[in-house]
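Worksheet for the structure shown next.
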C-alpha cells in the first residue's frame with residue numbers, strides 16, 4: 001500500500017476510472033475533485049499543502065466563542081480564508097481551519113482546546129501594507145499602529161476573544 005498521498009496521481013486515476021465508465025472530465029475538473037476528496041476547498045489550497053516538506057508543521061489553536069464573530073474578524077477583517085469546518089453535531093462547538101498566505105490557524109469554540117489570551121506571531125512580507133489595509137477597513141474600528149524595532153516591524157492585532165495576532169516583517173538583516 002502506498003502511504004504517500006499524491007493529489008495529481010489521485011486526479012489521474014479518478015479521470016481514467018470515470019472515463020472508463022463513460023464520464024468525461026477535464027484535467028482541471030479532476031484536480032478539483034481530488035482536492036475536495038482530500039478535504040481541501042480547491043486545487044490551489046491542495047497543491048500548496050502538497051508542497052510542504054517533511055519538516056514538522058506547527059498549527060496554533062486559538063480559542064474563539066460561539067457565533068459569527070470569529071468569521072467576521074479572521075475572514076472579513078484579517079483576510080483569512082476558511083479551509084474547512086467541523087462540528088460533532090448540531091449545536092456543538094465549531095472547530096475550523098483558516099489560512100492566509102501560507103499561515104494556517106485552527107479556531108476552536110471547544111472549551112479546553114485553548115485558553116483565550118494567546119499570542120501568535122506570523123511573519124509576512126509587508127506589514128506596513130497590511131496595517132494600512134486594516135486601518136482603512138470598515139469591519140473593525142481598530143486603529144492599530146506599528147511597533148518599530150531593530151529586528152523588524154510588528155503589528156499586534158487583538159482579536160475579540162482576547163488573543164493577539166502579531167504580524168511581523170523582519171528587517172533585511174534578519175531575513
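Bear in mind these aren't lab numbers, they're just calculated from the coordinates by the rules spelled out. What you are looking at is a predicted structure, and each value in this text was computed from that prediction instead of being measured. Neighbour counts run over all protein chains shown; Cβ positions are idealised from the backbone, glycine included.
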Query - the chain: angle of helix 7-20 to the longest principal axis, Cα-based, in degrees nearest 10 - result: 30 degrees
Query raised in the report: Relative to the first principal axis of the alpha-carbon coordinates of the chain, what is the inclination of helix 127-136, with its axis defined by its Cα atoms, in degrees from 0 to 90 and to the nearest 10?
Result: 80 degrees
Requested in this report: Report, to the nearest 10°, how far helix 27-37 tilts away from the longest principal axis of the Cα atoms in the chain, using its own Cα long axis and a range of 0 to 90°.
Outcome: 70 degrees
Query - Förster-model FRET efficiency, 35 Å R0, residue 68 and residue 149, C-beta, rounded to 0.05 - result: 0.50
**Report entry** Cα centroid separation, region 142-164 to region 14-79 (Å)
**Finding:** 29 Å
Report summary line: Semi-axes a, b, c in Å (a largest) for the chain, each sqrt of 5 times a Cα gyration tensor eigenvalue, come to 35, 21, 15
Query raised in the report: Sorted from fewest to most neighbouring beta carbons within 10 Å, what does the list 74, 95 look like?
Result: 95, 74
Query raised in the report: So in the chain, what percent of DSSP beta bridges are antiparallel if you round to the nearest 5?
Result: 70 percent
Query raised in the report: 222 nm [θ] for the chain, helices only, -39500 (n - 2.57) per DSSP H run of 4+, per residue, to 500?
Result: -7500 deg cm²/dmol
Report task. Count the DSSP beta bridges whose two residues both fall in region 114-168, then state the antiparallel fraction as a percent rounded to the nearest 5. Result -> 60 percent
